[in-house]
Amino acid sequence: MIVTITYFHEKTDADYENYKKQWDENRERFIFLHLNLPLNQQKRHIYNDMDIHKDILAIRFPSIYELQHNKIIKDIVIGKGIMYENNKIWYPKEVWIYSPHN
């Protein structure tokens, strides 16, 4: 399984406009990863949002620590995907990560 990871790092107004345009055009494809929740609730949100049209896992405002230690992110990066009901596995086609300028 090949997963494309796109990292949007906003440094200028032009970066923001590019980010906003792409995210607005693809919003119906997103399942958001809610990093501020415990793992079981993160998974529940993903399961509840799944449908055949959603193929991008979107992550906004992650810390470096969250990117390195979140179990869902780690499982996707190593090719495990996200297991849900009856041992089915969801593999996002893409992971989009947005980080504003600090």
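What follows draws every value from the coordinates through simple rules; no lab data is involved. The structure displayed is predicted, hence computed values, not measured ones.
At-a-glance table
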item: Cα long-axis angle, helix 13-26 against the chain (0 to 90 degrees, to the nearest 10); result: 30
item: Cross-link pairs Lys54/Lys80; Lys54/Lys93; Lys20/Lys43 - those with Cα-Cα distance over 20 Å; result: Lys20/Lys43
item: Degrees separating the helix 39-49 axis from the principal Cα axis of the chain, which is the longest one; result: 90
